[in-house]
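The next block holds one structure in the form of structure tokens; read it before the comments.
The values are calculated or read from the model by the stated rules, or taken from the named source; none is laboratory data. Given the structure is predicted, the values throughout are model-derived calculations rather than measurements. Every residue, glycine as well, gets a Cβ built from its backbone with ideal geometry; the counts of neighbours run over all protein chains shown.
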Amino acid sequence: MNPKERAAAAAVQRVMSGTTIGLGTGSTANCFVKALGEQIRQGRVTDVRGVPTSARTAKLATEQGIPLVSLDDFPILDAVFDGADEIDPFGNMTKGGGGSLLREKIVAQAARTRVVLVDESKCVDRLGTTFALPIEVVPFGAKNHFESLTELGGKPALRKNEDGTPFLTDEGNYTIDIDFRSRGISDLEGLQAELQTRVGIVETGLFLGLCDLVIVGSDSGVKEREPQQDDGSMRVGHIELFVADPIKSGDFYASALGFRLVGVQEESFVWLELDGVEILLRPARADRGVGEGPRATDYEDSQTGIVLYTHELAENVASLQEMGVSVERLKDSSDCFVFQDPDGNWFQLVDPSDH
């Protein structure tokens, strides 16, 4: 057996007679459908009904002798068994490589238990680092999304068939694959929210909180685990600023605070990082002007600006002052300073050891 077949063989042992289950789409899900068909033919499970997440899965399940039903007739499923393009330690996933993310997500939210089958290559620390993120869009104006997707830090591409025609989902929609592999996706909830504000985007391939058990197949065997609880301690802080000149502002943060340049996408963004803190610098635009204020995730946002924690408070303050930046100590505080960057964004510098 290969790793996908090992995961499928372990997963099928969890199927109980008399249940209605969701059948995923993709290479690993195909292995599961075949394994389930074998279980049914051998009489090990009986009266099992399947809700397929794609026409391809429906065809394969029928060939394997698995009775199929609709989600309208069985709106609550006992379980769903599906694969993933990527899965992080918290059970968050990217899916849609097989072109069926909309139906997969509908079925996943209808299931009492969500079992995810993967091989080791699909397990990542950060989503978006090994696979492009698919989104399903209506065909009308599909490429109209490209500019906004690029502003979000990705490289969008319309998925096509071998003959060059657009790939169509079972719902007749297009798929756009967004490549974030230069840095991955640091703010999953934020990106999900941004994408869902776009009219014409039907659904995204971000599956957040839709996993109860992960079965990982490898050359040596199978491991099962539940997703870790996300208490926020492992998240990467992420700040987005709209500035007049991302390159110039990037030089400021690198020189004044020691941020490391991670990536540059011409006319779109500059990405900086320091000790888990990320700053994404974007050019100002009509709806977000220079100095209008940052959008921040996992950071304390007070009336006096975004709080940045630093173990080199004195050095950072000295660097800012040498660059001609006015730095003021907060009243009644010995370890908190306030400054304004060249674009008018306010920040607090705080020593975390004193908080």
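Per-structure values
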read-out	value
Count of residues meeting criterion [in a loop (DSSP other than H, G, I, E, B) and at pLDDT 95 or above] in the range 131-161	8
Tally, over the range 105-130, of residues that are surrounded by 24 or more Cβ atoms within 10 Å (Cβ to Cβ) and in a loop (DSSP other than H, G, I, E, B)	2
Filter pass, L102 being within 19 Å of the chain's Cα centre (by Cα) and either in the same structural domain as G190 (by TED's automatic domain parsing) or crowded, with 17+ Cβ neighbours inside 10 Å (or both)	yes
Which listed residue, of A61, A10, A35, is more than 21 Å from S100 (Cβ to Cβ) and aliphatic (A, V, I, L, M)	A10
Output for the range 32-90, where each listed residue is surrounded by fewer than 16 Cβ atoms within 10 Å (Cβ to Cβ) and outside any loop (DSSP other than H, G, I, E, B)	E38, R41, A55, K59, T62, E63, L68
Conditions (1) within 15 Å of Q348 (Cα to Cα); (2) under 27 Å from the mean Cα position of the chain (by Cα); (3) among the hydrophobic types (A, V, I, L, M, F, W, C); (4) at pLDDT 75 or above: number failed by W271	(1)
Residues located in the range 107-123, provided they are more than 17 Å from R14 (Cβ to Cβ) and of a type in the set (G, A, S)	A110, S121
Filtered residue count, the range 137-159, keeping only those that are over 18 Å from G190 (Cβ atoms) and either surrounded by 17 or more Cβ atoms within 10 Å (Cβ to Cβ) or out of contact with any Lys or Arg (no Cβ under 8 Å at 6 or more places or on another chain) (or both)	13
Tabulated pairs, the range 1-30, first closer than 12 Å to G83 by Cβ, second part of a loop (DSSP other than H, G, I, E, B) and among the charged types (D, E, K, R), C-beta under 7 angstrom, 6+ apart or interchain	P3/D219
First in the range 166-185 and within 19 Å of L272 (Cα to Cα), second anywhere and exposed (fewer than 15 other Cβ atoms within 10 Å of the Cβ), Cβ under 6 Å, 6 or more apart	S182/G263; R183/G263
Failed item in (1) within 15 Å of T20 (Cα to Cα); (2) without any contact (Cβ under 8 Å) to a residue 12 or more places away in the chain, with V69 passing the rest	(2)
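For every residue, the table says whether it meets (1) under 18 Å from D85 (Cβ atoms); (2) buried (at least 19 other Cβ atoms within 10 Å of the Cβ); (3) at pLDDT below 85.
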site	(1), (2), (3)
T165	no, no, no
E171	no, no, no
G200	no, no, no
V214	yes, yes, no
K223	no, no, no
Q228	no, no, no
R235	no, no, yes
E240	no, yes, yes
